[in-house]
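The values are calculated or read from the model by the stated rules, or taken from the named source; none is laboratory data. None of the values given here were measured: they were computed from a predicted structure. Every residue, glycine as well, gets a Cβ built from its backbone with ideal geometry; the counts of neighbours run over all protein chains shown. Heads up: the accessible areas ignore ligands, DNA and RNA and are worked out on the full protein's heavy atoms, side chains in. Shrake-Rupley method; radii C 1.70, N 1.55, O 1.52, S 1.80 Å.
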Amino acid sequence: MKFVKLAAIALMCSSLTACITFPTDESNTVKVLWDDTLSLQGCELKGTVIGSQGHFYDYWLHADKDMVWGTLNEMRIKAAKLDADTIYLYKPLGFTGSVTMIANAYDCEVPAAESTTDSTADSVSAAVQPTVDEAVAAK
């Protein structure tokens, strides 16, 4: 009888543990950015995503790196559902029992009709123009 009780308790405890989130085909295409705000120029904000792995009762069953990986995968899945192709992570929250991260989701694909050469030329012209005006005024 003791064995049955112990087995039942072990079965209940094991059912409380959560699995780590694995990537999907769609989420594998979502890029994760950390400290490169220049990469977001021209991107459209799609929303904010939150990922979390681990619980106070089972965090000791999973390695930290697995919980971080699962958290990133959860956020990439949510971003893919928002039609985003990039997430930009906020500063991570400290964790001791679970991993929670927050990110903004962006669509950074350049539309086919828009030429990057034209936009680059315009931005270069705008940056150089004050210098040319200053040179003409100095003469």
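Odds and ends about this structure:
- Looking across region 20-54, the residues that are outside any loop (DSSP other than H, G, I, E, B) and open to solvent by less than 40 Å² (accessible area, probe 1.4 Å) come down to S27, L33, L40, G47, V49, G51, Q53.
- Residues in region 67-89 that are assigned to a helix (DSSP H, G or I) and of a type in the set (D, E, K, R): E74, R76, K78, K81.
- Any hit, region 75-83, residues being modelled with pLDDT under 75 and either within 26 Å of T37 (Cβ to Cβ) or of a type in the set (V, I, T) (or both): no
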